[in-house]
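The structure appears right after this line, and notes come after that.
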Amino acid sequence: MSIPLRPGAAPAPAAPRSSAPDPLAPLLDLPGVREAADAARAGIDRLLRHKVLRRESAGVSTESALRGARASAALEGADVPLAELRAGDVTDPVVQGALRVSAGLGAMVETWPRAPGQVLARLHVLAATDLADPAALGRPAAHAGPRLSGLIALITGPTTLPAVLVAALVHGELAALAPFGTSDGVVARGAGRLTGIARGLDPKAVSVPEVGFAELGREAYGSALAGYASGTEAGVAGWLVHCCRATEHGALEGLAICESLLRG
């Protein structure tokens, strides 16, 4: 595979120059991946055509961030009612970290393609404050070095791969690598969402992919991630398809938010 994940494997290749073949392109031909990516793109496009977004995209994005934070925390085992979260009654540090990450993504969109290492450090500070040693905040562990460099090359470089799949690779790499040792799942989901925004999949940040992952279930999420970490074609394909399905579900959640605002 172009992005091996087994311990000790080589880092992901740098993104191609215009004269070189795209090393990530073959991922689109893995079983079920192209169809799943097309379905995810279609789902997001339906959401982006909703009439509410002509005047209320900021409100939809704000609600999306809140629901995304709740779902991301739930995937870490900190599941709280949305009403309590909306009321500001939740002090759990995992939930608070997820909220800070969701709220902070908008300010990172322009920096992400240029300086992803800087953004990843910031994401970890937001996610892991009150959970990690302050001296370790934003500092990847030594084991993460080579593969993190490969991931940064993927984020900063061009590729013909659809944005939903690039987001899935970023998410999978970070979740499997666990570069910080705390709050890596929250960071990975934030980085995946940020990739989708920055690469034009959901430029208005109105879908809720984290809800998609939560609806598909923690067990399915863990199983798909383990498959990705195996480095096998079947495992990587399974993860990419899982992420595309979560993106579809996330688009439906965005539509639900739009309809709620439409009804007042």
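Here are the numbers for the structure shown:
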quantity: The one condition in (1) among the small types (G, A, S); (2) surrounded by fewer than 18 Cβ atoms within 10 Å (Cβ to Cβ); (3) modelled with pLDDT under 95 that A15 fails to fulfil; calculated: (2)
quantity: Count - residues of segment 139-176 that are closer than 20 Å to A98 by Cα and free of Cβ contacts under 8 Å to residues at least 40 places away in the same chain; calculated: 1
quantity: Matching residues in segment 78-109 - criterion: being assigned to a loop (DSSP other than H, G, I, E, B) and touching a residue at least 40 places away in the same chain (Cβ under 8 Å); calculated: V109
quantity: Residue ranges of helices (runs of 4 or more DSSP H) in segment 188-264 with at least 2 members of a type in the set (S, T, N, Q) and either more than 27 Å from V109 (Cα to Cα) or modelled with pLDDT under 95 (or both); calculated: 218-230
quantity: Any hit, segment 34-51, residues being touching an Asp or Glu at 6+ places or on another chain (Cβ under 7 Å), closer than 25 Å to P179 by Cα and assigned to a helix (DSSP H, G or I); calculated: no
quantity: Residues located in segment 243-264, provided they are of a type in the set (G, A, S) and buried (at least 16 other Cβ atoms within 10 Å of the Cβ); calculated: A246, G250, A251, G254
quantity: Which numbered condition G157 fails, given (1) surrounded by fewer than 24 Cβ atoms within 10 Å (Cβ to Cβ); (2) touching a His at 6+ places or on another chain (Cβ under 7 Å); calculated: (2)
quantity: Residue that is farthest from R34 (Cα to Cα) [pool: residues in segment 231-242 that are crowded, with 16+ Cβ neighbours inside 10 Å and small (G, A, S)]; calculated: G231
quantity: Residue within segment 113-126 that is outside any loop (DSSP other than H, G, I, E, B), closer than 16 Å to A73 by Cα, in contact with a Phe, Trp or Tyr (Cβ under 8 Å, 6 or more places away or on another chain) and not aromatic (F, W, Y) present; calculated: yes
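The values are calculated or read from the model by the stated rules, or taken from the named source; none is laboratory data. No experiment lies behind these values; they were computed from the predicted model shown. Cβ coordinates were reconstructed from backbone atoms using ideal geometry, including for glycine residues, and neighbour counts include every protein chain displayed.
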